[in-house]
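The values are calculated or read from the model by the stated rules, or taken from the named source; none is laboratory data. What you see is a predicted model; the values in this text were computed from it and never measured. As a convention, Cβ positions derive from the backbone with ideal geometry for all residues, glycine included, and neighbour counts pool all protein chains shown.
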């Protein structure tokens, strides 16, 4: 109802409706006051305005959004919309609204996902779930777009308008189209025209300037190499043949093929020794506070952006509906692809990081170092930390918490030492991990 009201009523129409309600309250006794006449006049004006709004509002128009490749949470951005008036008449007094896909959550999501700090609300608000509903709608919308007042649209011409917005949540913004609104003759009620234009834009997680952890970048042997990895290491493994390209070294020419077919063919190799790091992201909501998870995603994105992936390979590992592992660097996916994955990852309340143990155990010796980002400290977190320690793989653990002192005490009671374990207060990422 609020969405419908904002689209259909002009500011003057909202003032008129307010006047009608107030005059109806204060002019209830028509024998003692004449305020009821204001209500009668306002009601008549609104009735005429609504009847006028039934007159069809149609004109041929084409829109094209010129969207940026990426947006980032908290950054002020703008993009342009090309609007082409395909009709034979000029159009004046239009207002443009951006339309998104229905952001309302499913009933299952409403019951399962909790608003951050919902436990601080009173019992009534926790029961009716209204504020949780609003938060989920804002989260699914990713950003809020203000209406844009358009200049006159000459017939058959194209204009450009700028839309400014600030994304608040990561993930894809799904545009379904745009709505053109024109006030009626009395200026109280809008007539609407929806134009379909499906597009999407990715909002990346917030990133910080963090100090890189001190991990030993020793090269490890990987039998067979990694498919498509660039050859930078110490030992090469024959992979395939390809056609000669100018600049290829003659020592890599496959002379047998040249003698047989009189064509230059080059031998391709895979590197078997290279640096490989693991980045483990904890997706389990132990406290139910999604702010901890969002901080964890931001830290992971910051390290992905700052690490020199052209010299090493980074494996991002986390638990979702299944166990996911994505590799980037050295001819594999670029860091932008890894950021896209992090922009869309979701938390889980029934999946723990301990489920990564069977996947990590067979290949843990291949890693040169690891970064673990945990949203708490439970036996599963301790097990993964001890696995890396026992395998003599350098590990740097970040534990996010709402109470830093309490978490440090808990870890110190569970561990004989807290070497390479950093406890960070939620909301204080740069203070805890940034440059000194």
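Scanning segment 59-91 for residues that are in a loop (DSSP other than H, G, I, E, B), at pLDDT 90 or above and crowded, with 17+ Cβ neighbours inside 10 Å yields a total of 2. Taking segment 422-431 as the region of interest, how many residues are at pLDDT below 90 and surrounded by 17 or more Cβ atoms within 10 Å (Cβ to Cβ)? Matching residues across segment 422-431 total 2. The residues of segment 382-396 that are closer than 20 Å to residue 303 by Cα and not in a loop (DSSP other than H, G, I, E, B), listed by number, are 384, 385, 388, 395, 396.
With respect to the conditions (1) more than 25 Å from residue 289 (Cβ to Cβ); (2) in contact with a helix residue (DSSP H, G or I) (Cβ under 8 Å, 6 or more places away or on another chain); (3) without any contact (Cβ under 8 Å) to a residue 40 or more places away in the chain, residue 379 falls short on a single one, namely (1). Considering only residues that are under 19 Å from residue 285 (Cβ atoms) and either modelled with pLDDT under 90 or assigned to a loop (DSSP other than H, G, I, E, B) (or both), which ones fall in segment 342-360? Hits for segment 342-360 are 345, 346, 347, 348, 349, 350, 351, 352, 353, 354, 355, 356.
Per the listing 170, 132, the residue uniquely modelled with pLDDT of 90 or more, out of contact with any strand residue (DSSP E or B) (no Cβ under 6 Å at 6 or more places or on another chain) and buried (at least 17 other Cβ atoms within 10 Å of the Cβ) is 132.
Yes or no, residue by residue, for (1) surrounded by fewer than 17 Cβ atoms within 10 Å (Cβ to Cβ); (2) assigned to a loop (DSSP other than H, G, I, E, B); (3) at pLDDT below 75:
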| residue | (1), (2), (3) |
| --- | --- |
| 194 | yes, no, no |
| 201 | no, no, no |
| 215 | no, yes, yes |
| 227 | yes, yes, yes |
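Please go through segment 253-310 and pick out each residue that is assigned to a strand (DSSP E or B) and at pLDDT 80 or above. Selection gives 253, 265, 266, 276, 277, 278, 279, 280, 281, 284.
Condition first: assigned to a helix (DSSP H, G or I) and without any contact (Cβ under 8 Å) to a residue 12 or more places away in the chain. Now tell me which residues in segment 120-155 satisfy that. Give the derivation first.
The initial filter retains those residues of segment 120-155 that are assigned to a helix (DSSP H, G or I), namely 120, 123-128, 130-141.
Within segment 120-155, 120, 123, 124, 125, 126, 127, 128, 130, 134 meet the criteria.
Among the listed residues 397, 357, which satisfies the condition of being farther than 30 Å from residue 71 by Cβ and touching a strand residue (DSSP E or B) at 6+ places or on another chain (Cβ under 6 Å)?
Numbers: 357 fails: touching a strand residue (DSSP E or B) at 6+ places or on another chain (Cβ under 6 Å).
After applying the criteria, what remains is 397.
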